[in-house]
Amino acid sequence: MSKNCNTSAVGSDELIKLGIEGITATILECKSCPLHENATNKVIIRGSERPKVLFIGEAPGKNEDENGIPFCGRAGKVLDELIDHMALEENEYAMINTVKCRPPNNRKPTQNELRTCRPFLVAQIALLDPDVIILLGNTAEQAFCVSSLKWGEAVITQEGKHLMKLYHPAALLYRRTLMRQQKEMIDKNKKLWQKI
Ligand code: SF4
């Protein structure tokens with residue numbers, strides 16, 4: 001993640017010291033941006049606490065807000081199909097979002113909301129310590145503070161992680177051509193998680 005990336009006053013270093021459980025407790029109490037006002041549940045993580053592959057989505061949707069679980073709705077079914085295609089075991093992946101509260105009417109998070117929630121994202125990535133980070137869509141790329149990633153082309157971060165941008169699963173709903181392209185991008189990169 002870029003060092004030039006602006007973050008809110010709450011430091012990710014402090015959050016990292018709290019560990020996974022401490023971060024979860026802090027997120028549950030967080031009222032740092034307006035998104036908490038309409039959130040039914042905070043949506044924090046689904047999957048392993050030691051993943052090979054970490055998926056970062058945009059924001060919770062209606063189902064996620066109701067259940068407090070990332071990617072548990074229709075887009076989640078698409079992501080599950082992709083995970084099957086990647087041949088990842090259940091303990092090999094995790095899913096988080098750029099913001100932990102649902103934006104009203106499923107709008108994109110604002111720059112300010114992304115910036116305010118970013119310390120949680122940074123701390124989650126540091127503690128989960130994945131080998132491969134997959135940004136699902138342009139908002140995740142923005143939140144990660146990189147730019148100009150090419151779809152499906154992996155790069156190495158300063159921390160030595162493999163980083164790649166794929167289409168957000170919601171963009172693939174009912175679009176089989178795009179789904180085919182996504183699977184081709186996955187096939188091209190599968191050595192990244194299969195060799196680990
Ligand atoms: S989106 Fe993030 S920063 Fe905003 S209230 Fe929810 S947890 Fe806090």
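A few points about this structure:
- Its residues counted as N, the chain yields a C-alpha radius of gyration over 2.2 N^0.38 Å of 0.95.
- Antiparallel bridge percentage (DSSP; both residues within the chain; nearest 5): 20
- If the chain linking residue 89 and residue 126 were pulled fully straight, counting 0.36 nm for each residue of separation and taking away their Cα-Cα distance, it would gain 11.2 nm.
- Taking the C-alpha atoms of the range 100-196, convex hull volume expressed per residue in Å³: 113
- With the simple model of a label 7 Å out from the Cα in the direction of the Cβ, residue 66 to residue 150 spans 4.2 nm.
- Compared with the dominant Cα axis of the chain, that is its longest principal axis, helix 74-86 is turned about 50°.
- Using the Cβ-Cβ distance between residue 190 and residue 20 with R0 = 25 Å, the FRET efficiency computed as 1/(1 + (r/R0)^6) comes to roughly 0.35.
A short reminder: the numbers here are calculations on the coordinates, not readings from a lab. Computed from a predicted model, the values in this text were never measured in an experiment. Ideal geometry is used to build each Cβ from the backbone, glycine not excepted, and the neighbour counts take in all protein chains shown.
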